[in-house]
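Okay, so here's the structure we're looking at.
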Amino acid sequence: MEPVVSMLPLPHSRMSWHGFKKAVNRAGTSVMMKTGHVERTVDREFETEERRYRTMETAAKKLQKEAKGYLDALRAMTASQTRIANTIDAFYGDAGSKDGVSAYYRQVVEDLDADTVKELDGPFRTTVLEPISRFCSYFPDINAAITKRNHKLLDHDAMRAKVQKLVDKPSSDPSKLPRTEKDAATAKDIYETLNNQLTTELPQLISLRVPYLDPSFEALVKIQLRFCREGYEKMAQVQQYFDSSVREDYSNGMLDDKVEQVLQSMRDLSISGLSNN
């Protein structure tokens, strides 16, 4: 992407008086175009490439936002798992300490949060988030170059209109038309240089997006795979603490009946009916 970025200007932090006058003149040219007093140059090729670039810019910024959101969500999920594991362990109390299931579940979840997620944080930032952010960091300079191109187009159209006006209504000063034609030729050269460069290099930038992001895409898949695999392996170890009949009841669709039996036993307790007396 370096060839694309090398030609892009950095916007000035402050506008000079000369720049202010240019901005006012361009605003006037825009108004005159809308009223039909100045003919507007239409470049379909550039407009097509700019639309493609804007589509890519929007998608890349969304990808940057979602990539950061994924990392935040991963941390939030494991933190939530840790909190619920601590709550379950406290809920089981002595009953859980007899077979160790709640304490072991808490330990597994804490390991998943402390080891797996934190080990994935660095690689995710290095291979996914940072490359995407670096790609997006080019957009402000590219947008500045497009803005400059559009300004130079206004200057070109304004000078062309001035030449035509002098042709239609010659000035008493015979040197005015040659000077204006020279200024118009200069404005045209400046505009065409920028326009041709952008029209050539915007498609190059767009075509580079896939080979640039391919390694990050592959890294994202591998990181997700590792998180899911290690999470599955750790959680599978917790299953050994549960009665095998529970898994069988679940597979046979009988677990709901078993839960209902427990609930009925709770309702049969005399304490459940105290509020009705």
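The values are calculated or read from the model by the stated rules, or taken from the named source; none is laboratory data. The structure displayed is predicted, hence computed values, not measured ones. Ligands, DNA and RNA are stripped out before the accessible areas are found, and what is left, the full protein with its side chains, is counted by its heavy atoms. Shrake-Rupley method; radii C 1.70, N 1.55, O 1.52, S 1.80 Å.
Taking 37 °C and 0.692 mPa s as the conditions, I'd like the Stokes-Einstein D for the stretch 146-208 in µm²/s, using the Kirkwood hydrodynamic radius from alpha carbon pairs. Walk me through the numbers on the way to the answer.
Working: Rh = 13.0 Å.
Approximately 253 µm²/s, per Stokes-Einstein.
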#### Entry: Karplus 3J(HN,Hα) series, Hz, for the stretch 41-50 with 6.51 cos²θ - 1.76 cosθ + 1.60 (x for Gly, Pro)
6, 10, 10, 5, 5, 5, 4, 5, 5, 5
### Task
Please give the contour-minus-distance gain from residue 165 to residue 43: 0.36 nm per residue of separation, less the Cα-Cα distance, rounded to one decimal in nm.
41.6 nm
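Can you give the accessible area per residue of the stretch 161-252, in Å², using a 1.4 Å probe? Show your work: numbers first, answer last.
Details: 6360 Å² over 92 residues.
In whole numbers, the stretch 161-252 has 69 Å² accessible per residue.
Can you send over the carbon and sulfur percentage of the accessible area for the stretch 63-124, probe radius 1.4 Å, protein chains only?
Taking all protein chains in place, the stretch 63-124 shows 58 percent carbon and sulfur surface.
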